[in-house]
Amino acid sequence: MKKLILKILLISLCSSMIYTKESVSGAEEELKSPCYKYLKSINSFSNSHSLVIIDRSLEYNALTLDGSNRPEVQQFRELYQKEQYRKLLTDSLENAVEYRLYVRKAIYDAGLPPELEYLPVVESFYKTTAKSRSGALGMWQFMANSVKPYLKLNDYVDERLDPWYETEAAIKKLQENYKIFGDWLIAIAAYNCGAGAMSRALAKAEIESFWYLCENELIPLQTRQYVPKLLAIADLVMNTKYYENNIPLHETEYETLFNEKNGLFDFITVNRPYSLRQLARAMRMDTDELLKLNPSFTQGCTHPKNESKIRLPLGMEETALKALETIEPLDIPIKYKVVKGDTLWGIAKKHGTTVKAICELNNIKENSVLSIGKILYVPSKISR
C-alpha cells in the first residue's frame with residue numbers, strides 16, 4: 001500500500017513539474033520586454049504539493065515617469081538595495097512620516113507624478129534642517145537667492161525651514177518648470193540645476209530628452225544622477241513587495257492621515273513680535289511642540305512689523321487667542337554683534353533686559369558661550 005501511495009505521489013509530482021516548465025516557457029517572452037528587464041519569476045509549493053508559478057511581474061507597479069528600466073537607474077537601484085543604503089533609505093522614510101504623508105497628499109492634490117513624494121529623499125533624506133555646502137536649506141533645499149516669490153526670508157523668518165510651506169513652494173516651482181519644458185524628467189532635472197541652465201543645455205541638444213542630455217553630457221554630473229536616483233528610490237518603495245526589501249509598503253502605509261500628517265492646523269495672525277515660548281506657557285502647551293509647528297520663526301518670535309501666522313494644533317485657536325491677551329509683545333528687537341569680553345549678563349544689563357529674554361529670543365541656553373561676531377537679537381525691555 002505504501003509503495004502504491006509513493007508511486008501515485010511521484011506521478012503527481014512529475015506531472016506538476018511538466019506544467020511548471022511549460023508555464024515558465026510561456027512567460028519568457030514577456031520577461032524579455034524592456035519593462036520587465038529586471039523582473040524574474042519565482043516558484044513556490046502550494047498546500048497540495050503541486051508547483052505553482054508566481055509571476056513577479058504581476059506584482060510590479062510601473063512608474064508614471066519613464067526610464068525605470070534604464071541602466072542609469074539600475075545602478076542606483078542596486079546601490080540602495082545594499083544593506084547600508086537600504087537602512088539609510090528606510091530610516092529617512094520612517095523618520096519623516098509626519099511630513100512625507102503631507103507631501104504625498106499635496107502632490108496628489110496638485111496632480112503631480114506620485115514619484116515626487118521621494119524627491120526630498122534625494123534632496124535631504126527628508127531632514128527639515130538639512131543644509132548643503134552651497135547654502136541650500138530645508139527638506140526641499142531652496143537656495144536663498146531662489147526663494148522669491150515662493151517663500152519668505154528675512155532677519156526673523158526663514159520659511160525654508162518650514163516643511164509645509166517649503167512643500168507648497170517646491171510644488172509650485174516644479175509646476176512652473178513643467179509649464180516651461182513640457183516634460184517631467186526635464187522639469188525635475190531643472191529643479192536641480194535651474195531653469196536657466198536647463199534652457200541653455202536644451203538649446204545645444206538635437207533632441208529634447210533628459211536622457212539625450214545625459215548621454216551627451218550637456219548637463220552637470222549631479223543633475224545627470226539626480227533623476228536616476230529619484231526613479232530608483234521611487235521604484236524600490238513603490239514596489240517593495242517585488243524587490244523583497246523591508247521598506248514600508250507604499251500603497252498601504254498610513255491609509256488614513258490625521259492632523260499634521262494631513263496638514264490640518266489652526267492658525268492665529270499677529271502683526272507684532274510675540275515670543276513663541278511665552279505664548280506656549282500662557283497656553284499651557286508644550287513649548288517644543290509649538291516651536292516644532294513654527295520652525296520658520298528663526299528668532300523664536302514673530303516678525304516685529306509684518307503679518308505672521310502662528311501654526312497651532314487643531315482645535316487650539318480659541319485657547320491661543322485668550323493666551324495672547326495675557327502677554328505683551330516684545331519691543332522691536334535690536335541686532336547686536338558680540339564683541340570680545342561680552343557675556344549674556346553684560347548684554348542684558350546694557351539693554352535693560354534679562355538673560356532669559358535674550359536666550360528665548362535667540363533659542364540659546366543661558367550657559368551658552370558667545371563667539372565674537374555672533375549676531376544676537378536683544379529685546380529692549382522685559383516682556384511682561
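The values are calculated or read from the model by the stated rules, or taken from the named source; none is laboratory data. Nothing here was measured: the structure is a model prediction, and the numbers come from that model. Counting neighbours? That spans all protein chains shown, and the Cβs are built from the backbone with ideal geometry, glycine included. Heavy atoms of the whole protein, side chains included, go into the accessibility calculation; ligands, DNA and RNA do not. Shrake-Rupley method; radii C 1.70, N 1.55, O 1.52, S 1.80 Å.
Out of region 294-331, which residues are of a type in the set (D, E, K, R), touching a Lys or Arg at 6+ places or on another chain (Cβ under 9 Å) and farther than 27 Å from THR129 by Cα?
Looking only at region 294-331, we keep the residues that are of a type in the set (D, E, K, R), and these are 305, 307, 309, 311, 317-318, 322, 325, 328, 331.
Now restrict to residues that are touching a Lys or Arg at 6+ places or on another chain (Cβ under 9 Å): 305, 328, 331.
If the condition is that a residue be of a type in the set (D, E, K, R), touching a Lys or Arg at 6+ places or on another chain (Cβ under 9 Å) and farther than 27 Å from THR129 by Cα, then GLU328, ASP331 are the ones that fit.
Does region 227-241 contain any residue that is among the basic types (Lys, Arg), modelled with pLDDT of 90 or more and open to solvent by less than 70 Å² (accessible area, probe 1.4 Å)? I'd like the intermediate steps shown before the answer.
First, the residues of region 227-241 that are among the basic types (Lys, Arg): 229, 241.
Cutting the leftovers down to modelled with pLDDT of 90 or more gives us 229.
If we keep only those that are open to solvent by less than 70 Å² (accessible area, probe 1.4 Å) too, we end up with 229.
Yes, there is a match, as at least one residue in region 227-241 is among the basic types (Lys, Arg), modelled with pLDDT of 90 or more and open to solvent by less than 70 Å² (accessible area, probe 1.4 Å).
Which condition does VAL121 not pass, out of (1) under 16 Å from LYS105 (Cβ atoms); (2) hydrophobic (A, V, I, L, M, F, W, C); (3) in a helix (DSSP H, G or I), if it passes all the others?
Every listed condition holds for VAL121 apart from (1).
Criterion first (surrounded by 15 or more Cβ atoms within 10 Å (Cβ to Cβ), among the polar types (S, T, N, Q) and more than 15 Å from the chain's Cα centre (by Cα)) does GLN81 satisfy it?
On the way: surrounded by 15 or more Cβ atoms within 10 Å (Cβ to Cβ): yes; among the polar types (S, T, N, Q): yes; more than 15 Å from the chain's Cα centre (by Cα): yes.
In short, yes.
Scan THR343, THR319 and give me the residue that is in contact with a helix residue (DSSP H, G or I) (Cβ under 7 Å, 6 or more places away or on another chain) and open to solvent by 30 Å² or more (accessible area, probe 1.4 Å).
Numbers: THR343 fails: in contact with a helix residue (DSSP H, G or I) (Cβ under 7 Å, 6 or more places away or on another chain).
Exactly one of THR343, THR319 is in contact with a helix residue (DSSP H, G or I) (Cβ under 7 Å, 6 or more places away or on another chain) and open to solvent by 30 Å² or more (accessible area, probe 1.4 Å), namely THR319.
Inside region 263-292, can you point out the residues that are surrounded by fewer than 17 Cβ atoms within 10 Å (Cβ to Cβ), assigned to a helix (DSSP H, G or I) and either among the β-branched types (Val, Ile, Thr) or touching a residue at least 12 places away in the same chain (Cβ under 8 Å) (or both)?
Hits for region 263-292 are THR287, GLU289, LEU291.
Only residues that are part of a strand (DSSP E or B) and out of contact with any Leu (no Cβ under 9 Å at 6 or more places or on another chain): list them for region 158-171, please. I'd like the intermediate steps shown before the answer.
The initial filter retains those residues of region 158-171 that are part of a strand (DSSP E or B), namely 158.
Across region 158-171, there are no qualifying residues.
Being open to solvent by 50 Å² or more (accessible area, probe 1.4 Å), of a type in the set (S, T, N, Q) and in contact (Cβ under 8 Å) with a residue 12 or more places away in the chain narrows it down to one residue among ASN145, ASN177, ASN154; which is it? Write out each step before concluding.
Values: ASN145 fails: in contact (Cβ under 8 Å) with a residue 12 or more places away in the chain; ASN177 fails: open to solvent by 50 Å² or more (accessible area, probe 1.4 Å).
So the residue among ASN145, ASN177, ASN154 that is open to solvent by 50 Å² or more (accessible area, probe 1.4 Å), of a type in the set (S, T, N, Q) and in contact (Cβ under 8 Å) with a residue 12 or more places away in the chain is ASN154.
Checking the conditions here, which among ASN246, ASN216 is over 22 Å from LEU112 (Cβ atoms), open to solvent by 60 Å² or more (accessible area, probe 1.4 Å) and modelled with pLDDT under 95?
Working: ASN216 fails: modelled with pLDDT under 95.
Within the list ASN246, ASN216, the selection yields ASN246.
Any residue that is within 35 Å of the chain's Cα centre (by Cα), modelled with pLDDT under 95 and outside any helix (DSSP H, G or I) - is there at least one of those in region 343-357?
No, the conditions are met nowhere in region 343-357.
Consider only pairs whose beta carbons are under 8 Å apart and that are at least six residues apart or on different chains; among these, list those whose first residue lies in region 79-106 and is over 21 Å from LEU231 (Cβ atoms) and whose second residue is of a type in the set (A, V, I, L, M) and open to solvent by less than 70 Å² (accessible area, probe 1.4 Å).
Cβ pairs passing all conditions: TYR99/MET139; LEU101/LEU257; TYR102/LEU257; LYS105/LEU257.
Please work out which residue is farthest from THR129 (Cα to Cα), limiting yourself to region 93-106 and to residues that are modelled with pLDDT under 90 and open to solvent by less than 10 Å² (accessible area, probe 1.4 Å).
Checked region 93-106; the qualifying residue farthest from THR129 (Cα to Cα) is LEU101.
Can you tell me which residue among ILE364, ILE358, ILE334 is within 16 Å of TYR156 (Cα to Cα) and open to solvent by 50 Å² or more (accessible area, probe 1.4 Å)? Working first, answer last.
On the way: ILE364 fails: open to solvent by 50 Å² or more (accessible area, probe 1.4 Å); ILE358 fails: open to solvent by 50 Å² or more (accessible area, probe 1.4 Å).
Result of the check over ILE364, ILE358, ILE334: ILE334.
With GLY138, GLY111 as the choices, which residue is under 15 Å from LEU161 (Cα atoms) and small (Gly, Ala, Ser)?
Working: GLY111 fails: under 15 Å from LEU161 (Cα atoms).
Just one listed residue meets the conditions, GLY138.
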